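Everything on this sheet refers to the single structure shown next.
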Amino acid sequence: MALTRTQTKKLRDELNRLHAALLEEVRDELEASENEQMAELLGRTPADSADFSFADALADLNVAMVDRHVHQLRDIEAARQRIGAGHFGICIDCGTEVDFDRLMAYPTAKRCLRCQQQRERLYAHESTPKM
Ligand SMILES: [Zn+2]
């Protein structure tokens, strides 16, 4: 069943909350590292600004300590774009709709539970040293 408008709104709110929380963390770290230029940029640009990618800006900055956030930010920004484009919550592997409960738990989920488990099994297998 496709997501209802209310469900989509809930998920968008959750993504915005995660995005804002991440940016807050990044801003604190940049301030602590005295990267004031970037901290100021983050402070000035609205977190829900659709035409500005914080992930890209941070990646350009290439600060090791914020690198780990960039991946998460990209995931969140990509999810928000999928909502905007109207194909949010569709598994990128099999094309079925991802459960709302799963999306609420992992709003950036790109796969349905079945495909995700399959993928994780694959990765677990790959990380096993081959004798
Ligand atoms: Zn799937």
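Read-outs: derived from the displayed coordinates by stated rules, not from any lab. Everything quoted here is computed from the prediction, not taken from an experiment. Cβ: placed from backbone, ideal geometry, glycine included. Neighbour counts: every protein chain shown.
When you count the other C-beta atoms within 10 angstrom of each residue and take the mean per peptide, 53-59, 113-119 line up highest first as 53-59, 113-119. Sorting the segments 34-44, 73-83 by their mean number of nearby beta carbons within 10 angstrom, highest to lowest, gives 73-83, 34-44. Students often get this wrong: which residues of the range 67-100 have the backbone nitrogen under 20 Å from the point 7 angstrom along Cα-to-C-beta of Asn16? What the label zone holds, given the 20 Å backbone N cut-off, is 73-89.
Between Glu120 and Arg102, the simple label model (points 7 Å from Cα in the Cβ direction) yields a spacing of 1.1 nm.
Between amide H atoms placed 1.01 Å from N, distances below 5 Å from Ile90 occur with Val98, all of them 5 or more places distant or on a separate chain.
When the P(r) is computed for the range 5-127, the part past 17 Å accounts for 60% of the Cα-Cα pairs.
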